[in-house]
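Heads up: the structure comes next, in structure tokens.
The values are calculated or read from the model by the stated rules, or taken from the named source; none is laboratory data. Just so it is clear, the structure is predicted and the values come from calculations on it, not from any experiment. Neighbour counts run over all protein chains shown; Cβ positions are idealised from the backbone, glycine included. Just the protein is used for accessible areas: all its heavy atoms, side chains included, with ligands, DNA and RNA removed. Shrake-Rupley method; radii C 1.70, N 1.55, O 1.52, S 1.80 Å.
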Amino acid sequence: MNWLTSIKTLGDKIKRNFRKKFPSKEEIENSKWQAKNCCNSGPILKEDLQKNYYQCTNCFTTFPLPPSERFSYMFGKNNYEILDTPIVGDPRLLSWEDASGKYKDKLAKTRKKTGLNSAISVAYGKLTENLNAVICCSDFRYFGASISQDEGESILYACDKSIKTGSPLILFAMGGGMRMQIPSAVSLMQMPRTVLGLSEVKKKGIPVIVVADSVVAGGISASYAATGDFLFFEGKKTKWMFAGPRVAANASNTEPPEDFLEGGWAMSHGHGDYMIEQRKDTKDFLVKFLNIILKKNLSSIIDEESIDNINETTKLNKETREAS
Ligand SMILES: [Zn+2]
């Protein structure tokens, strides 16, 4: 063995030992422990996190809630229909390749891992006996819940279902933005398309509610997530941003506060309509809110005098509109 081979062997040995000290991506995914610590309460068991709808009981950070669990929580287990949203799959885009490999291979792997064909799943069902809804929910495991053609189609399909059934549309917005693994123009095109879709639902007088979930960034915060009738935050630590905190702070040339670009910070700057502090309250809050704006089951939520006030205000608003 010459001196060059000895150095190479030693290098390989160091590399192997180094790798052993850090778990692989698969090991982290299969571990019982949550990979990322959110606060100083120490490591969290995934099982404990799941019991509290993937929200830390200490600092109330929310972690992405998979669509199947979101739908079971909102509609009740197996009490909803997953809509068969269109898959576009343009072969010219699928042949795209970058330094880390072919997009179509990554897509096939992601689809196999998640069992989904789009980062956004759409479900239709009953929130309560007489309140139906169409719900969109993103899966973070699917390219960080980024938006491309198939996701744009999912949102448009949800808008169509909402119009056909006259049901409120609830979008749990999450993700890092528009997917750049394929030619970016096609992904960016989904920004105006989804905004136009939501606008068609609103034109019919059907409420469109956006709930910012865990992290909303890039083109998502600059398109459909910002154009609902109402914007609610789920958890005060939910991030709402276009660029990341470092880039945004540099652009404004100021020292950002600790909660910069978090839901609580956004709300204190007039962005958003309500903060749902704990995810376990999301369903109750949305049902109550929809019942009030749709004027359903009001007597179970508020007293007679408040109902009279709502009716009087609606009448006045209608008269004002007609007079103008
Ligand atoms: Zn925490």
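With respect to T238, determine if the residue is surrounded by fewer than 24 Cβ atoms within 10 Å (Cβ to Cβ), in the same structural domain as V134 (by TED's automatic domain parsing) and outside any helix (DSSP H, G or I).
no
Yes/no per residue for (1) in contact (Cβ under 8 Å) with a residue 60 or more places away in the chain; (2) open to solvent by 10 Å² or more (accessible area, probe 1.4 Å); (3) part of a loop (DSSP other than H, G, I, E, B); (4) touching a Pro at 6+ places or on another chain (Cβ under 7 Å):
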| position | (1), (2), (3), (4) |
| --- | --- |
| I87 | yes, yes, yes, no |
| R111 | no, yes, no, no |
| S121 | no, yes, no, yes |
| I135 | yes, no, no, no |
| R141 | yes, yes, yes, no |
| G144 | no, yes, no, no |
| D150 | yes, yes, no, no |
Report yes if some residue within the stretch 56-73 is of a type in the set (D, E, K, R) and more than 22 Å from the chain's Cα centre (by Cα); otherwise report no. no
When the residues of the stretch 257-288 are filtered to those that are touching a helix residue (DSSP H, G or I) at 6+ places or on another chain (Cβ under 6 Å) and farther than 22 Å from G76 by Cα, which remaining residue is surrounded by the most Cβ atoms within 10 Å (Cβ to Cβ)? L261
So in the stretch 45-57, with the set limited to residues that are touching a Lys or Arg at 6+ places or on another chain (Cβ under 8 Å) and under 28 Å from L171 (Cβ atoms), which one is nearest to the ligand (Cβ to nearest atom)? Q55
Restricting to the stretch 144-195, count the residues that are of a type in the set (K, R), touching a Leu at 6+ places or on another chain (Cβ under 8 Å) and modelled with pLDDT under 95. 0
I need every pair where a residue in the stretch 38-54 that is more than 17 Å from K236 (Cα to Cα) and not assigned by TED's automatic domain parsing to the domain that holds R70 has its Cβ under 7 Å from the Cβ of a residue that is open to solvent by 70 Å² or more (accessible area, probe 1.4 Å) and within 9 Å of the ligand (Cβ to nearest atom), sequence separation at least 6 or different chains. S41/N58; P43/N37
Report, by residue number, each residue of the stretch 24-44 that is hydrophobic (A, V, I, L, M, F, W, C) and either open to solvent by 60 Å² or more (accessible area, probe 1.4 Å) or away from the ligand (no atom under 13 Å from the Cβ) (or both). I28, W33, A35
In the stretch 58-88, which residues are within 12 Å of the ligand (Cβ to nearest atom) and within 21 Å of M174 (Cβ to Cβ)? C59, F60, T61, T62, F63
